[in-house]
């Protein structure tokens with residue numbers, strides 16, 4: 001994960017923030033970039049690699065196929081790891097966000113990437129939109145952090161968060177435990 005200022009990455013993007021930002025998008029590409037960032041928790045690099053076939057739109061749900069390509073170095077040896085996760089978003093095809101997504105994805109042919117831009121360009125787009133809509137500068141990783149915080153807040157299991165995050169180690173999911181509301185019943 002890129003190094004961002006602590007204050008930046010700790011901002012949790014809520015539904016009302018997303019809706020404000022959505023209205024400040026300039027075009028269909030920006031709207032769908034923002035929608036996918038907000039609704040999947042995918043890494044920016046995973047979103048930039050998404051192809052048309054990685055988004056399946058059905059009558060009652062959308063399935064995102066999120067592919068992670070990692071290179072791990074052990075000594076002089078490089079190990080390539082490809083991990084594919086599936087995220088199902090239950091929204092009807094008639095929903096305005098899904099209609100826009102369908103319109104956007106239909107412009108691409110099989111095998112074509114949906115977002116032909118660099119990570120820096122993605123960062124600049126998100127930063128501009130968030131400054132215009134919210135008065136603060138956010139980065140793409142805010143959406144990843146926010147997704148997992150909201151997931152845990154809504155009762156999601158740690159194991160599921162680990163799977164969705166594409167994490168091998170449980171320790172990478174532990175920072176999101178702060179979001180779980182736990183009540184303690186102590187007898188004195």
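The values are calculated or read from the model by the stated rules, or taken from the named source; none is laboratory data. Being a predicted model, the structure only gives us computed values, none of them experimental. Don't worry about glycine lacking a Cβ; one is built from the backbone with ideal geometry, like all the others, and counts go over all protein chains shown.
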Quiz prompt | Matching residues, region 108-153, being assigned to a helix (DSSP H, G or I), in contact (Cβ under 8 Å) with a residue 40 or more places away in the chain and farther than 22 Å from residue 27 by Cβ | solution = 141, 144, 145, 146, 147, 148, 149, 150, 151
Quiz prompt | Candidates 146, 106, 130 - the one that is at pLDDT 95 or above and buried (at least 21 other Cβ atoms within 10 Å of the Cβ) | solution = 130
Self-check item: Selected residue (criterion: nearest to residue 66 (Cα to Cα)) from residues of region 78-94 that are out of contact with any helix residue (DSSP H, G or I) (no Cβ under 9 Å at 6 or more places or on another chain) and modelled with pLDDT of 90 or more
Solution: 90
Quiz item: Restricting region 163-175 to residues that are part of a helix (DSSP H, G or I) and surrounded by fewer than 19 Cβ atoms within 10 Å (Cβ to Cβ), which is modelled with the lowest pLDDT?
Solution: 175
Exercise. Check residue 48 against each of (1) surrounded by 13 or more Cβ atoms within 10 Å (Cβ to Cβ); (2) modelled with pLDDT under 85; (3) touching a strand residue (DSSP E or B) at 6+ places or on another chain (Cβ under 8 Å) and name the one condition it does not meet.
Key: (2)
